[in-house]
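Taken together, the values in this text are just the output of simple stated rules run on the coordinates, not laboratory data. Because the structure is predicted, anything quoted here is derived from the model rather than measured. Cβ sites come from the backbone with ideal geometry, for glycine too, and all protein chains shown count toward neighbours.
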Amino acid sequence: QDYEGELRVYVVDDGSANRDVVGPVHKIYANDARFSIILLARNVGKRKAQIAAIRGSSGDLVLNVDSDTILAADVVTKLAAKMRDPDIGAAM
């Protein structure tokens, strides 16, 4: 991402059955302070997984994406710019 502000990424593993496969990926990002890996004990559904990430966050803006989402490099910058307008409550 080309966003110049502080950026945090919260990855929620919603009780995946293949943790042995994704475990090495978790370990790669575990040492990067920008990333928080949240491992849920069981699958609780998308909404509750998102809530787990939001509760762990401390930023002013939240961007929810799915595991198969590919973001253009300027998406966060564009959304943050839109959200600076006090008349805007959400942006897509």
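In summary, helices (runs of 4 or more DSSP H) completely within the chain and bearing 3 or more residues that are over 13 Å from the mean Cα position of the chain (by Cα) occur at 19-30, 75-83.
Is it the case that the stretch 10-26 has a residue that's without any contact (Cβ under 8 Å) to a residue 12 or more places away in the chain, farther than 23 Å from residue 92 by Cβ, touching a Ser or Thr at 6+ places or on another chain (Cβ under 7 Å) and not charged (D, E, K, R)? Checked against the condition, which is being without any contact (Cβ under 8 Å) to a residue 12 or more places away in the chain, farther than 23 Å from residue 92 by Cβ, touching a Ser or Thr at 6+ places or on another chain (Cβ under 7 Å) and not charged (D, E, K, R), the stretch 10-26 yields at least one hit. Restricting to the stretch 3-56, name every residue that is basic (Lys, Arg) and more than 27 Å from residue 74 (Cβ to Cβ). Correct list: 19, 27, 42, 47, 48, 55. Scanning the stretch 63-80 for residues that are surrounded by 13 or more Cβ atoms within 10 Å (Cβ to Cβ) and of a type in the set (A, V, I, L, M, F, W, C), we see that the one that is nearest to residue 16 (Cα to Cα) is 63.
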